[in-house]
Structures are given as structure tokens and as C-alpha cells.
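S.K.: Sharing a structure with you now.
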Amino acid sequence: MDLPFADLAVLIRSLGGSAADLAGVGSVHQPRSVPVKGIIHHTPGSPWTFRQRAMAIGAGTPADDLERLDLFLAAAFDRREYIGGYMVGQRVVVKLEVDDRTTWHSGALSSQHYGRDWRAWARPLAPGAPAFRLHGRDPHVVYDWWDARYGADAHPARVFGWGRLPNRCIGVDLVPDATGGYGVLQLAMAAALTALLARVHGIQLDDRHVTTHSFAAPLERGSVVRGGRVVGMAWDPPPAHFDLDEHIERARAVDSTLT
Ligand SMILES: [Zn+2]
């Protein structure tokens, strides 16, 4: 099954944005073996985004033409190996792949580090090649932000309907604006996309089916290094800019308007 691009375009236009379809170009992906199980939100990160925007502006795109900047970003993003199925820019929602193909956007939870004592491990965001490590701190302090939502005894592979394979979800990347955050229109477009995808694929609008990469894969997206030690922090996408509960509420509001 696939969310028809025309339906997406109509809904996004009604909000004041636009939609673009790049599903036929870019990286090639394999057909799904099981139906879509959920939606995982990501950020491609500010460093990459700011670099690409600077390149677009250097190549002649006006700095205030947010639509063209989004399309430049999407074309560059679509060539990467690890992408979600959709990119939500400041003005444009871009379909990067049809829903019934699996893109690689959030690795498996089957690694040895996701055992019963997964909270003892971390693969923090750090300069150079990040590596899994035993962080040596109180596991429930490092992952307090995860426990607060899903429970101190819980395991991501059991919380989420996709088991150990988050790529059974559709990935949605929100590209940060110049401030590193997301605008009102962008968040509204992301909610509309979630509502439509949920309808098409029968996904429940709750935090066990609609989540962030940090919640879905806390070891890889849930810590940073500060002063030489591992500190728990969700960053994909940053919760200061993307509030999951508010996002789900907004998606439910859109859902109530769909026929
Ligand atoms: Zn991610």
C-alpha cells in the first residue's frame, strides 16, 4: 500500500505548503516483506542541513526562497544511503520513496547491546566514529527521559509494534530551519503527513506507533558526551523543538477532519 501523492499534495496545499514527489529517483530500496508498523521521526541534523543550504545559496538560490531551498535539500538527501520515506522541509513535504519499500533509517534492535541490560550501554553522539560503550553510570539516570515515557522495566523491542526491526516503520525526516528548530507550518505539515500515513496503513496515533528515532533506538540516539562522560539526551529530533505528545495531538486533530 502507498499513500497516494495526490492526496498528500491536496492536504499540504490546504495548509499553505506544497508537496513534491521524488519517489521515482534517488536511492533504490527493497519491497517490504511485512506491512508498515509505525512512523519514526528523525532529523538529518543541523550541520548537514546548514552545509547543504549554504551550498544551495552559493549556487544561486535566493536565501529567502524556502521552497527552492527545501527542494535542493531533498534532492541531496535522496541520494544518501540512510533516509526515511519522507522529508518535511520548511515549506515542502517531499515523498522520497513509495511506502511499500523499506528504506534504512533506524537500524535493528537486535545487536548484542540491546539485551536485558541495554541501559548500561550507549553509542553517544560524539566527534569521530561513534562506538557502543558501557557508560559506567546509573542506567536509569542516563535513560531517565526514555523511562519517563515507556517505563523503567521496559525494552524498546517489546514496547513497539515493530519488535526489533524499526525499519518496518516509515521514516519521516524534519529538516531544521536556520535556528535549528521547526516552524509552525512545518510542524502542521508533519502532523498532516502522520495523519494520512496512519489512515492508509492502519497505524494507531499513539506513542507506541508514532515516535522519534531517539525513543525507538535510545542507545544510538539518546546520549551525548559532556566533560568526558556520557550524558543521557534525546536528540533525533531534539525534544525542545519536536514535542512528541503535541505532534500526536496535532495528528489526531487532522485525522478527525479526514473523511
Ligand atoms: Zn534518525
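Taken together, the values in this text are just the output of simple stated rules run on the coordinates, not laboratory data. Keep in mind that this is a model prediction, so the values were computed, not measured. A quick note on method: Cβ atoms are made from the backbone with ideal geometry, for glycine too, and the neighbour counts reach across all protein chains shown.
S.K.: Using the Cα gyration tensor of the stretch 103-240, with a ≥ b ≥ c the square roots of its eigenvalues, what is the shape: rounded (a/c below 1.5), prolate (a/b larger than b/c) or oblate (neither)?
M.R.: Judged from the Cα gyration tensor, the stretch 103-240 comes out oblate (a/c at least 1.5, b/c at or above a/b).
S.K.: Let me ask something else about it. What is the sum of charges, Lys and Arg at +1 and Asp and Glu at -1, for the other residues whose Cβ falls under 12 Å from the Cβ of residue 256?
M.R.: Result for the neighbourhood of residue 256: +1.
S.K.: In degrees between 0 and 90, to the nearest 10, how far off the longest principal axis of the chain does helix 244-255 point, with axes built from Cα atoms?
M.R.: Taking Cα atoms only, the helix is inclined about 40 degrees.
S.K.: Suppose we keep just the alpha-carbon trace of the stretch 10-150; what are its Rg and Dmax in angstrom?
M.R.: Over the stretch 10-150's Cα set, Rg and Dmax evaluate to 18.5, 52 Å.
S.K.: Follow-up question, since we're still on this one. Give the long-range amide H neighbours of residue 212: residues separated by 5 or more places, or on another chain, with amide H under 5 Å away, using H modelled in the peptide plane at 1.01 Å from N.
M.R.: The list, which skips near neighbours in sequence, is 41.
S.K.: Tell me the angle of helix 5-15 to the major Cα principal axis of the chain, expressed in degrees between 0 and 90 and rounded to the nearest ten.
M.R.: The helix 5-15 is inclined about 90 degrees to the chain.
S.K.: Oh, and also: What are the residues whose amide H is under 5 Å from the amide H of residue 3, where those residues sit 5 or more places off or on another chain and H is modelled from the backbone?
M.R.: Hits under the 5 Å cutoff: 99.
S.K.: Which value results when the Cα radius of gyration for the stretch 51-98 is divided by 2.2 N^0.38 Å?
M.R.: Rg over 2.2 N^0.38 Å, computed on Cα atoms: 1.12.
S.K.: In whole Hz, with x marking every Gly and Pro, tabulate ³J(HN,Hα) for the stretch 166-174 from phi via Karplus 6.51 cos²θ - 1.76 cosθ + 1.60, θ = phi - 60°.
M.R.: For the stretch 166-174, the Karplus curve yields x, 5, 6, 9, 8, x, 10, 9, 9 Hz.
S.K.: Can you find, among 258, 112, 90, the residue farthest towards the positive end of the dipole of the chain? Put +1 on the C-beta of Lys and Arg, -1 on that of Asp and Glu.
M.R.: 112
S.K.: So, one more: Send over the semi-axes of the stretch 100-147's equivalent ellipsoid, whole angstrom and largest first, taken as the square roots of 5 times the C-alpha gyration tensor eigenvalues.
M.R.: Each semi-axis is √(5λ); the values are 22, 15, 11 Å.
S.K.: While we're on this one: Just order 87-95, 136-144, 173-181, 112-120 by mean Cβ neighbour count inside 10 Å, highest at the front, would you?
M.R.: 87-95, 173-181, 136-144, 112-120
S.K.: How many angstrom separate the Cα center of the stretch 131-164 from the Cα center of the stretch 64-88?
M.R.: Their Cα centres are 31 Å away from one another.
S.K.: To continue, here is another question. Cα-based Rg of the stretch 65-134 per 2.2 N^0.38 Å, rounded to two decimals?
M.R.: This ratio for the stretch 65-134 stands at 1.50.
S.K.: Expressed in nm², what is the orientationally averaged projection area of the convex hull enclosing the Cα positions of the chain?
M.R.: Projected over every direction and averaged, the Cα hull of the chain covers 13.7 nm².
S.K.: Taking amide hydrogens as modeled 1.01 Å from N in the peptide plane, which residues meet the under 5 Å criterion relative to residue 222, leaving out close sequence neighbours?
M.R.: 123
S.K.: Which value, to two decimals, describes the C-alpha radius of gyration of the stretch 163-259 once divided by 2.2 N^0.38 Å?
M.R.: Compactness ratio reported: 1.16.
S.K.: For the chain, what does -39500 (n - 2.57) per DSSP helix run (n ≥ 4), summed and divided by total residues, give at 222 nm, in deg cm²/dmol to the nearest 500?
M.R.: Dividing the helical sum by the residues of the chain leaves -10000 deg cm²/dmol.
S.K.: Relative to the longest principal axis of the chain, what angle (0 to 90°, nearest 10) does the C-alpha long axis of helix 66-78 take?
M.R.: Helix 66-78 and the main axis of the chain meet at about 60 degrees.
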